[in-house]
Amino acid sequence: MTSTRTSPIATARRLVTEIPGPRSRELAARKLDAVAGGVGTTLPVYASAAHGGVLEDVDGNVFIDLGSGIAVTTVGSSAPRVVEAVTDQAGRFTHTCFMVTPYESYLEVAERLNRLTPGDHDKRTALFNSGAEAVENAVKIARSATGRQAVVVFDHAYHGRTTLTMAMTAKSVPYKHGFGPFAPEVYRAPLSYAYRDGGLSGAEAAARAIDQIEKQVGATNLAAVVIEPIQGEGGFIVPAPGFLPALAEWCRANGVAFVADEVQTGFARTGDMFASDHEGVVPDLIVTAKGIAGGLPLSAVTGRADLMDAVHPGGLGGTYGGNPLACAAALAVMDTIADEKLVERARRIEEVVKARLRSIQEKDDRVGDIRGRGAMIAVELVEPGSMTPAPALAKAVATYAHREGVIVLTCGTYGNVLRFLPPLAISDAELGEAFDVVEDAFATSGAS
């Protein structure tokens, strides 16, 4: 399926100034005086408009977007249904606080999530604002329901920037450095990392992790195992087949809540509605955000009714959680995914992107691994003929792409992974042009 959505701005890359242009440089200077230095930016350009798979900056340059605001604008920037739904809702009311005077759209989002998330068991949902907030509430729910305190997470994980979720996140710089002490009772287990595991199968990697959990934590102390079905910031690491089902089965056998952090993988991104669906894994609790509301702040915890209802009344919530504008957007996003067959579109994007990346890999042995699913694809870059991470190469390729009008992001514990997260609304033509630039970036960076 090729997207045919029309755009009010150019639908092809257009560079009319150097990057960054004069207006973006002016705004960057203002940022230094107005914004805290700890708030960084990836590209040195300032957006003025975005639609579908393209973004225009304040100097009139048009970029092809392979980042989606870090997997947020999955249905495309300014998706028509989202714009219409938010505009209509804003004209009726913008806020009441669901905990004061509730409204129907919150219920509708919860009902949809209860139906769409893996498993046909009785479920409940609570809405929040950010992915980190939802992860933190999933831990609260698991602790309340089990009466236990310990939480297990995995190597290379990213779960957020709050005090608890920083403890759950693996990478120090920039996420944790200088911000401790962190929340206690968080333990780390080894992940299945096929590229660097020396041929370990999913079942073998799960046995290794479970052995460590049992020895170092103990099942009777453990409230939850929290895992990204495909890791995001950690490098788009896809566990070997069988790893996730084995962990979920162990959790069920030991009364431990299995929590899938699908903040980055959810809502058609991976070619399934949720990444857990790929192996038929049914989480006890599933955390969603990012792609849920087309760019408006919304997140959710959805899970088994007995776990969700274990928390005392008033124990979950927040002033803005399930804001009516965000709920309207989420309903429009879910309609768009279904009506425009975006799950299937994600699978088509995977075929196109992996084919282009394999073509690059055939000519360049610095492309060590190609992985991911759907429109969540990455390449891990290494020094020629080795497994040594090559973060400088990742930075060079991304910088070249930015200068040539393509938004590309990096990630990974070693900083050596290029990640591609195009909106599912991107056209085949835009996708092809973007990867022409990516291919040129490798060629100009000194292929071996």
* Asked: Just checking, how many residues over the stretch 349-380 are crowded, with 21+ Cβ neighbours inside 10 Å and polar (S, T, N, Q)?
  -> 0
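For every residue, the table says whether it meets (1) surrounded by fewer than 21 Cβ atoms within 10 Å (Cβ to Cβ); (2) of a type in the set (V, I, T).
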| residue | (1), (2) |
| --- | --- |
| L27 | yes, no |
| G38 | yes, no |
| T41 | yes, yes |
| L55 | no, no |
| F63 | no, no |
| G69 | yes, no |
| V75 | no, yes |
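Okay, residues lined up against (1) in contact with a helix residue (DSSP H, G or I) (Cβ under 9 Å, 6 or more places away or on another chain); (2) over 25 Å from P389 (Cβ atoms); (3) crowded, with 17+ Cβ neighbours inside 10 Å:
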position: E133; (1), (2), (3): yes, yes, yes
position: V151; (1), (2), (3): yes, yes, yes
position: G160; (1), (2), (3): yes, no, yes
position: K171; (1), (2), (3): no, no, yes
position: H177; (1), (2), (3): no, no, no
position: G180; (1), (2), (3): yes, yes, no
position: Q212; (1), (2), (3): no, no, no
* To do: Determine if the stretch 283-294 includes at least one residue that is within 20 Å of G234 (Cα to Cα), in a loop (DSSP other than H, G, I, E, B), among the hydrophobic types (A, V, I, L, M, F, W, C) and in contact with a Ser or Thr (Cβ under 8 Å, 6 or more places away or on another chain).
  => yes
* Working only within the stretch 364-393, note down all residues that are in a helix (DSSP H, G or I) and out of contact with any Asp or Glu (no Cβ under 9 Å at 6 or more places or on another chain). => P391, A392
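Taking the condition of being polar (S, T, N, Q), in a strand (DSSP E or B) and closer than 21 Å to I230 by Cβ, how many residues in the stretch 111-167 meet it?
Here the count works out to 0.
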* Just a yes or no: is a residue in the stretch 187-207 closer than 28 Å to G38 by Cα and either touching a Lys or Arg at 6+ places or on another chain (Cβ under 9 Å) or in contact (Cβ under 8 Å) with a residue 12 or more places away in the chain (or both)? -> yes
* Checking A346 against (1) within 19 Å of the chain's Cα centre (by Cα); (2) surrounded by fewer than 21 Cβ atoms within 10 Å (Cβ to Cβ); (3) not assigned by TED's automatic domain parsing to the domain that holds I210, which single condition isn't satisfied? -> (2)
* Considering each of R366, R373 in turn, give the residue that is farther than 30 Å from V16 by Cα and within 15 Å of the chain's Cα centre (by Cα). => R373
* Can we say I19 is at pLDDT 95 or above and surrounded by 14 or more Cβ atoms within 10 Å (Cβ to Cβ)? -> yes
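Is it the case, given these coordinates, that F63 is in contact (Cβ under 8 Å) with a residue 12 or more places away in the chain, aromatic (F, W, Y) and closer than 29 Å to R345 by Cβ?
yes
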* **G255 vs. criteria buried (at least 24 other Cβ atoms within 10 Å of the Cβ) and either part of a loop (DSSP other than H, G, I, E, B) or of a type outside the set (G, A, S) (or both)** => no
* Asked: Among the residues of the stretch 416-428, is there at least one that is hydrophobic (A, V, I, L, M, F, W, C), surrounded by fewer than 24 Cβ atoms within 10 Å (Cβ to Cβ) and touching a residue at least 24 places away in the same chain (Cβ under 8 Å)?
  -> no
* Asked: Taking only pairs six or more apart or across chains, which ones have beta-carbon atoms under 7 Å, a first residue in the stretch 119-143 that is without any contact (Cβ under 8 Å) to a residue 60 or more places away in the chain, and a second residue that is of a type in the set (K, R)?
  -> A132/R161
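Residue-by-condition table, conditions (1) not assigned by TED's automatic domain parsing to the domain that holds L331; (2) not aliphatic (A, V, I, L, M):
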| residue | (1), (2) |
| --- | --- |
| L15 | yes, no |
| K31 | yes, yes |
| G37 | yes, yes |
| E56 | yes, yes |
| G60 | yes, yes |
| D88 | no, yes |
| V100 | no, no |
* Asked: So E383 fits all but one of (1) at positive phi; (2) surrounded by fewer than 24 Cβ atoms within 10 Å (Cβ to Cβ); (3) out of contact with any Phe, Trp or Tyr (no Cβ under 7 Å at 6 or more places or on another chain); what number is the exception?
  -> (1)
* To do: Residue by residue through the stretch 214-243, note down the ones that are surrounded by fewer than 24 Cβ atoms within 10 Å (Cβ to Cβ) and not in a loop (DSSP other than H, G, I, E, B).
  => E214, K215, Q216, A219, T220, N221
* Are any of the residues in the stretch 298-308 assigned to a loop (DSSP other than H, G, I, E, B) and either farther than 30 Å from L381 by Cα or in the same structural domain as M376 (by TED's automatic domain parsing) (or both)? -> yes
* Does any residue of the stretch 410-431 turn out to be over 21 Å from K363 (Cα atoms), within 21 Å of the chain's Cα centre (by Cα) and not in a loop (DSSP other than H, G, I, E, B)? -> yes
* **Criterion (in contact with a His (Cβ under 7 Å, 6 or more places away or on another chain), charged (D, E, K, R) and more than 23 Å from E84 (Cβ to Cβ)) met by exactly one of D284, D277, D272** => D272
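The values are calculated or read from the model by the stated rules, or taken from the named source; none is laboratory data. Since the structure is predicted, the reported quantities are computational estimates derived from the model, not experimental observations. Methodologically, a virtual Cβ is constructed for each residue, glycine included, from the backbone with ideal geometry; neighbour enumeration extends over all protein chains shown.
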